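One structure coming up, written as structure tokens, with questions to follow.
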């Protein structure tokens, strides 16, 4: 009987250790979940605000776009070392918005290190930028501003040509080749648009 009680005491001692380990594990996972939620919320805000900034650039409201992009710098800096998938999306949206703003404002282009984003996010953001440049080209043609449309096309086609040789697996650069396939058709369409404009205006 004494031996039985000793074993029960020992077992209870082991269970206390297990119970404590469970509590510790739950506490750590709670912290991890809270961190992930904070990263997710911050990333979603960046994506949302970058979308607004892009629309403001297209509306030629550069001051408002600049204010939004400036307000995101701290969040981008805080997420710079995160490898969460939604951070990659936020970073590439930020690259797209900042680079569009800089091109349309005549500012020098920034290196990904200056933007506090990862190289893959930078390349993915640049591939998305081609679509936004097409929108600007179409708008300038609509306004009969062939010279500006041609300048933007040179940027667009040059960007595409420099991205074209980049080849990595989808696990390294997710969706990049598909984006370039779409970009190729947009570049060709813009080239046709410019040619048809010249013909129609006898330029």
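Here are some values of log10 I(q)/I(0) by the Debye sum over Cα atoms at q = 0.09, 0.10, 0.19 Å⁻¹: (1) -0.42, -0.51, -1.34; (2) -0.46, -0.53, -1.31; (3) -0.33, -0.41, -1.49. Which one was computed from this structure?
(2)
Most fluctuating residue of 77, 19, 146 in a GNM of the chain with Cα springs under 10 Å: which is it?
19
Moving on. Given a 10 angstrom Cα cut-off, can you work out which residue in 103, 22, 39 is the most mobile in a GNM of the chain?
22
When the scattering of segment 1-112 is computed by the Debye formula from its Cα atoms alone, each counted once and equally, what is log10 I(q)/I(0) at q = 0.19 Å⁻¹?
Those come out to -0.94, one per q.
Coordinate-derived values only; no laboratory data. Predicted model only: the values in this text are computed from it and were never measured.
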